[in-house]
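Okay, so here's the structure we're looking at.
Read the figures in this text as sums done on the coordinates, not as results from a lab. Bear in mind the structure is a predicted one, so any value in this text is a computation, not a measurement. Cβ placement follows ideal geometry from the backbone for every residue including glycine, while neighbour counts extend to all protein chains displayed.
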């Protein structure tokens, strides 16, 4: 119970993740809504968005969207 309270305030601090899981486009839910791919923390079971192109866990969805827009603008120019 204490670990759930700490996780609610500070998020998942674990670093043991599953292999990235990609969901079909029509079946996206939860953490996979961001990129279509997510990893699961093997310590607490939390689903975390994963960027397959950069091969890293996405810590901030807002930062991910800003970075994606910047890359799209760079490619368009």
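Quick notes
- Each of 18, 59 was scored by other Cβ atoms within 10 Å of its Cβ. Listed from fewest to most, they are 59, 18.
- In plain terms, the residue of 47, 75 with the fewest other Cβ atoms within 10 Å comes first and the most crowded comes last, giving 75, 47.
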